[in-house]
Amino acid sequence: MPSIGIIGKQNVGKSTLFNALIKKNKSITYDMPGVTRDLVTQTLNWGEGKWDLTDFPGLESDKSMQEDEVGRASIEKAAAQLEKYNLLLWVVTRKGLSSYEYDLLDRIRKLKKPVWLVVNFVDDPALESDAAEFYALGFSRVFFISALNNRRIEELRDAVIDQFEGKEQDVSNATFVLKLSLIGKPNVGKSTLFNTFLGKERSLVYDLPGTTRDAIDEKLIFQNTEILLTDTAGIRRKKTSFEAVEIFSVARTKKAIAEADVVLLLIDAREGFDRQNKYILEWIEEENKPVIVIINKTDLIDEDRKKFLKEEIEELQGMFWNFPVQWLSAISSKNSGRALNEAVKIFSEGKERIATPELNNILEILNRNPVVGSNGLKFNYITQAYPEKKFIIFGNRAIVPENVKRYLKHNLLKQLKWKNIPIKLDLRKKRAGLKKSEK
């Protein structure tokens with residue numbers, strides 16, 4: 001049973017966070033340091049398993065606890081148990097770290113376990129920019145929450161579930177669940193491919209656009225990976241999308257893209273990348289989802305058409321990212337397994353978390369390029385917002401020329417050896433460091 005500990009100095013809102021996560025008032029909260037002195041633990045049923053969540057007493061320096069012998073003893077007892085926990089949530093406030101918390105930071109870094117930084121009292125999204133300096137501390141995960149107002153508590157809870165469900169499957173050699181969505185216009189062969197993957201007639205196939213009106217889900221096992229496969233309704237041309245059922249289909253398609261781990265975008269080789277298909281690619285890019293483009297019905301085109309499509313694909317890969325492409329025949333299921341194989345590969349790569357020190361070593365390399373210096377730019381540090389595949393870069397300017405953005409994205413992908421995975425860059429201006437007396 002995984003155990004999660006909530007730690008931090010006194011009066012930063014640990015008990016309020018504990019109560020928000022368990023959805024009841026079990027740990028006493030009061031606006032006075034030292035109210036919580038014992039370890040308060042609750043067993044929870046989250047996701048597919050059970051979890052032990054523990055609220056630690058506030059950690060304080062010996063100097064601040066000179067007058068409280070009982071409090072000091074409880075802190076020492078609790079601190080001795082930090083090694084026993086699978087994950088620690090270190091709660092701080094958006095005002096910044098105190099001198100004691102910086103000392104505590106050194107101790108936390110020596111722990112051989114995941115520690116996530118939880119910045120409390122961030123009641124409004126606008127305050128997150130003021131708290132951005134916390135990314136520079138190098139934690140793999142940083143959450144900005146308001147425990148009292150229940151802001152982003154569910155996001156933190158879901159992240160904890162994902163952290164341990166994945167690890168449990170690794171240990172037991174069980175399969176991961178890959179959410180794979182089939183997207184495309186009507187009558188491009190989505191339902192045929194859906195049935196081919198399943199090896200049975202699950203989705204209705206008929207030579208009439210719009211046969212599939214709703215999304216259909218089905219599970220299958222491929223290469224020891226459990227896949228949740230979704231066949232979506234086709235998206236008609238924009239001129240007919242005012243119809244209620246088509247508006248619904250567009251909404252469901254966008255939802256399927258947002259919920260997918262990998263998207264399979266089917267293109268009719270005879271139509272190519274018309275305006276509607278480019279819209280779909282833009283939706284996929286907005287959601288920052290990996291996509292495998294499948295050119296279907298290739299048996300219905302000649303070599304000149306195929307050459308034109310390849311040139312069009314290269315142009316789009318330059319505009320978006322280097323997405324992989326598969327070529328299929330409308331009358332044969334041959335090579336259809338390659339798409340699943342590619343999806344599993346991309347899914348595995350996309351789960352990779354890059355350590356902050358490694359990222360900053362890469363950033364040093366990127367800083368040496370003349371395209372950075374010639375624009376008067378200096379990038380100080382970088383961190384990954386996991387699992388969103390977003391990289392936050394702090395530098396002397398938040399707004400940089402487009403050619404610099406392209407350079408950073410292209411070369412970051414190159415250094416990471418991520419060929420087929422889209423990423424987002426969030427460029428921010430580094431705030432001047434606070435004086436120690438202000439922390």
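Brief remarks on what is shown
- Net lengthening on full extension, N288/R428 (0.36 nm per residue, minus Cα-Cα): 48.5 nm
- Cα gyration tensor shape of the stretch 356-438, rounded if a/c is under 1.5, else prolate or oblate by comparing a/b with b/c: oblate
- Packing, as the average of other Cβ atoms within 10 Å across residues, places the peptides 297-309, 9-21, 374-386 in the order 9-21, 374-386, 297-309, highest first.
- In order along the stretch 292-298, the Karplus-derived 3J(HN,Hα) couplings, from 6.51 cos²θ - 1.76 cosθ + 1.60 at θ = phi - 60°, round to 10, 8, 10, 8, 9, 6, 5 Hz, and Gly and Pro are given as x.
- Rg/Rh (Cα only; Kirkwood hydrodynamic radius) as it applies to the stretch 246-323: 0.98
- Mean separation of Cα contacts under 8 Å, 6 or more apart, over the residue count of the stretch 356-438: relative contact order %: 29
- In this structure, the amide hydrogen of G96, modeled 1.01 Å from its nitrogen in the peptide plane, lies closer than 5 angstrom to no residue at least 5 positions away or on a different chain.
- For D217, D268, D231, order by how many other beta-carbon atoms lie within 10 Å, fewest first: D217, D268, D231
- Counted charge near F323, where neighbours are those whose Cβ lies closer than 12 Å (Asp, Glu -1; Lys, Arg +1): -1
- Proximal charge balance of K378 [Cβ under 14 Å; K/R count +1, D/E count -1]: +4
- Highest average first, the peptides 148-154, 279-285, 312-318 ordered by how many other beta carbon atoms sit within 10 Å of their residues are 279-285, 148-154, 312-318.
- Each residue of the stretch 252-268 was assigned a 3J(HN,Hα) from its phi angle through the Karplus curve 6.51 cos²θ - 1.76 cosθ + 1.60 (θ = phi - 60°); the sequence is 5, 5, 4, 5, 5, 5, 4, 8, 7, 7, 9, 10, 9, 9, 8, 10, 6 Hz, with glycine and proline shown as x.
- G8 long-range amide H proximity, modeled H, under 5 Å: L59, V91
- Structure note, pairs K179/K419; K185/K254; K219/K414; K190/K405: Cα-Cα distances above 24 angstrom occur for K219/K414; K190/K405.
- Note on T196 and D299: the model spin-label points, each 7 Å out from Cα along the C-beta direction, lie 1.0 nm apart.
- Rounded to 0.05, the FRET efficiency of the K179 and K113 pair, given R0 = 41 Å and the Cβ-Cβ distance, is 0.90.
- Computed from backbone phi, the HN-Hα couplings of the stretch 396-402 come to 7, 9, 8, 10, 10, x, 4 Hz, rounded to whole numbers (Karplus: 6.51 cos²θ - 1.76 cosθ + 1.60, θ = phi - 60°; Gly and Pro given as x).
Each value in this text was obtained by applying a stated rule to the coordinates, not by laboratory testing. It should be emphasised that the depicted structure is a prediction, and the values quoted were computed from it without experimental measurement. FYI the Cβ positions are ideal-geometry reconstructions off the backbone, even for glycines, and counts take in every protein chain you see.
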